[in-house]
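The values are calculated or read from the model by the stated rules, or taken from the named source; none is laboratory data. Nothing here was measured: the structure is a model prediction, and the numbers come from that model. A quick note on method: Cβ atoms are made from the backbone with ideal geometry, for glycine too, and the neighbour counts reach across all protein chains shown. Keep in mind that these areas ignore ligands, DNA and RNA; they rest on the heavy atoms of the full protein, side chains included. Shrake-Rupley method; radii C 1.70, N 1.55, O 1.52, S 1.80 Å.
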Amino acid sequence: MTKISELENEGDVYEIEGIVIDVEEPKEVVVKSSGEKVKVQHIIVVDEGTVEPKLTISLWRDDVGKYKIGDKIKVKGVFERFRGEYYFSRLVR
């Protein structure tokens, strides 16, 4: 298990455990490659007992609506950095 504060290598897969501090409203988007309409939602997670760094996780399709503020979660995802922010661009099962 890796702490959010220890994430380093973009493109690597990490498993983290953290606390959900924000849940955005789901949005419907169109996948460019297929034209399929799908739901996407972003949640923000931090290491337990901290407020920084924040990790934004993109939830797609069946993962949308699974989490609420205060939930303790454990997920595995692909780590990316964009404009200094931390992201899991997709979850790995």
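Structural remarks
- For segment 1-77, trypsin sites (Lys or Arg not before Pro) meeting the loop criterion (DSSP other than H, G, I, E, B) and having at most 11 other Cβ atoms within 10 Å: K32, K68.
- Tensor-based shape of segment 1-60 (alpha-carbon gyration tensor, a/c under 1.5 rounded, otherwise prolate or oblate): oblate
- Between T50 and M1, full extension at 0.36 nm per residue minus the direct alpha carbon distance yields a gain of 16.0 nm.
- Formal net charge of residues neighbouring R61 (Cβ-Cβ distance under 15 Å; K, R +1; D, E -1): +2
- Under the Karplus curve 6.51 cos²θ - 1.76 cosθ + 1.60, θ = phi - 60°, whole-Hz ³J(HN,Hα) for segment 48-54, x wherever Gly or Pro sits: 4, x, 10, 10, 9, x, 9
- Sparse packing (at most 13 other Cβ atoms within 10 Å of the Cβ) combined with a DSSP loop state is found for the following GluC sites (Glu not before Pro) in segment 14-88: E24, E36, E48.
- A straight chain from D12 to S33 at 0.36 nm per residue would run longer than the Cα-Cα distance by 5.2 nm.
- In the context of the full set of protein chains, residues of the chain present 65 Å² of accessible surface per residue (probe radius 1.4 Å, heavy atoms only).
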